[in-house]
Structure formats: C-alpha cells, structure tokens
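The values are calculated or read from the model by the stated rules, or taken from the named source; none is laboratory data. Quick caveat: nothing in here was measured; it's all calculated off a predicted structure. Neighbour counts run over all protein chains shown; Cβ positions are idealised from the backbone, glycine included. Calculation scope for accessible area: heavy atoms of the full protein, side chains included, ligands and nucleic acids excluded. Shrake-Rupley method; radii C 1.70, N 1.55, O 1.52, S 1.80 Å.
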Amino acid sequence: MTNPTDLRALDALLDRTNPKRVVVITGAGMSAESGIPTFRGKDGYWTIGATEYHPQELATLAAYRKLPREVWHWYLYRRTVCRAAQPNSAHFALAELERELGDRFMLISQNVDGLHRIAGNTDERTIEIHGNIDRMRVHADGTEAVILPIPAAMPMLGKTDPLTDELWALLRDDQHRPTRPHVLWFDECYSEELYRVDTALVAAHECELVVVIGTSGAASFPWRATDVALAAGAALVVIDPDKGPFAQHAMQPKLAGRGLWLPGGAVEWVPALVERLAA
C-alpha cells in the first residue's frame, strides 16, 4: 500500500515540475515482481561439465567464441524462464502511459525478457539497451546488426533438457550463418546500431521527468541517461524498495524540489504514478 506522505510528496513534485515529456528507465526489480530471478542470483549460474560459470564469465563474447553451444544453451534456458513469466500491473501501467503520452514518452529498459512489449509498449518507444532474449543476430565478430527472432520451432528448454543437433541447427540464419543471442555482453560496448543508445540519450536530454524503477545501478548507461536528464533540468523519481544508489542520488540537497525516492516496488508505485501523469 502506498504511503500517504510519499503520495503527497509525489503530487507536490509533479505540481512543481509539470512534466510533459517522460523517460522511464527500468531494471531487474521490475521483472522480479513477475517472478524472473535477477541475473546475478543463484539461477544465473550454469554448469558445464564439472565447472560452474558465473554470469559475468558466461555472458561474454569471449565465452561465446570458446563455448558457443554452451552459451546458447544457457540463454535458451533463461528464455524459458522469461517466457513462463507474465507482465505485472506495473508493466501494464507503463503501456497505458505510452498510449496517453504518445511521442512524449520513452521507455529505456535494461531487461532482456521482453515483458514490456508483451504488456503493450511499442517497438518505436521501447529501447532495450541490453537486447532481447527472444532475438538473435548474425555473428560476425559481434558487430553485424542482422537481428532475427529466435525460430518459432525452437522449444522452451528446461535446465536439464539437451540442446540437440536438430535444435542447434535452428540457430542459423537463412544463409546458414551462425548466430548469437541479441544481448549486450559484459565485454562489449553500447551502440546506436544495436541498442539505440544515442536515441535514448536524446530522449533523456529532452524530458522534464526521468523515472528510475528497480535498478541497482550496476550498469553504466542508466547513470549516464539520468545525468543527461538532470543536467538539462529534469526532475527525478526513483522507485525502489531499497535506499540504493539511485535513491540516494534523488535525495541529494542539490535536487531539492525535483528529486524524490518512493520506497517500495514497481507494482506498488507505478500504477499510482501513471494515474497522476496521465491526468
């Protein structure tokens, strides 16, 4: 249940700033409320033979070059976990906000699960800065931007289901070239061509309100986009149950009057925020 004092603080901030253009940045906390384990949690680890790989080791271009089939197997299992989940009320609320604001709305998500699109956010106004687990792209030293959906014939794989030769053969394009998951790996860089990061920064610069939901601050781009927005005079609302780095950022004295931390989860706060912004 939303705290009445925090609701009044939110109303006061929105009255002062009167935002017309809104950028929303979402992190793992958004998907955790749909039952998707966080990437670095115990379900992120993967065993190959007798070796246990951590996400930071396996989610790399270096690992893919060495163990392409094993890396694909791990991502196909993670895809199964994502597809078993459903959007929550916060996802649906953000889809409604996009319908209300149109081109005055941009969603920047760190999540690769695709739940925002399933909930109704559009390709045009949804920037998945870390990629999408339902997509693959031609592997040409990690740079070629031929992005394809994972074939419909690819079944959902449980953790112990084998990646058979028949399934492995599906992970090719129509020219039989090998593909890789369309995700940003730890040893790679953001780019406009693959992840639309320049478009995201332009939206951040032009907005009057940036909303950060459920992100730990471990990735660099949300910080960069938030700083761009604040430097241009935007207000900042952070939704997170913990007083993490973004919450502390919102509470800085220099942001007095245009920074607010709402303690709680996305399901608790996003519908209430969207109701006010849509009005």
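Restricting Arg196, Arg177 to residues that are closer than 23 Å to Val24 by Cβ and among the basic types (Lys, Arg) narrows the list to Arg196. Return the residue satisfying two criteria in turn: it lies in region 265-279 and is over 15 Å from Ile25 (Cβ atoms) and of a type in the set (Gly, Ala, Ser), and of such residues it is surrounded by the fewest Cβ atoms within 10 Å (Cβ to Cβ). The residue in question is Ala279. Figure legend. Inter-residue proximity from region 70-95: first residues within 24 Å of Leu107 (Cα to Cα), second residues of a type in the set (Ser, Thr, Tyr), beta-carbon distance below 7 Å, spacing 6+ or different chains. Indicated pairs: Ala85/Ser34; Gln86/Ser34; Pro87/Ser34; Asn88/Ser34. Screening region 50-84 for residues that are closer than 30 Å to Glu268 by Cα and surrounded by fewer than 17 Cβ atoms within 10 Å (Cβ to Cβ) and picking the one that is nearest to the chain's Cα centre (by Cα) gives Arg83.
The set of residues in region 228-264 that are surrounded by 14 or more Cβ atoms within 10 Å (Cβ to Cβ), without any contact (Cβ under 8 Å) to a residue 24 or more places away in the chain and under 19 Å from the mean Cα position of the chain (by Cα) contains only Ala247.
Could you tell me whether region 211-225 includes any residue that is in contact with a strand residue (DSSP E or B) (Cβ under 6 Å, 6 or more places away or on another chain), under 18 Å from Asn18 (Cβ atoms) and of a type outside the set (A, V, I, L, M)? Scanning region 211-225 turns up no residue that is in contact with a strand residue (DSSP E or B) (Cβ under 6 Å, 6 or more places away or on another chain), under 18 Å from Asn18 (Cβ atoms) and of a type outside the set (A, V, I, L, M).
Does His116 fit the bill of being buried (at least 18 other Cβ atoms within 10 Å of the Cβ), touching a residue at least 40 places away in the same chain (Cβ under 8 Å), assigned to a helix (DSSP H, G or I) and of a type outside the set (Lys, Arg)?
Yes.
Taken as a whole, the condition of being in a loop (DSSP other than H, G, I, E, B), open to solvent by less than 20 Å² (accessible area, probe 1.4 Å) and of a type in the set (Ser, Thr, Tyr) does not apply to Thr179.
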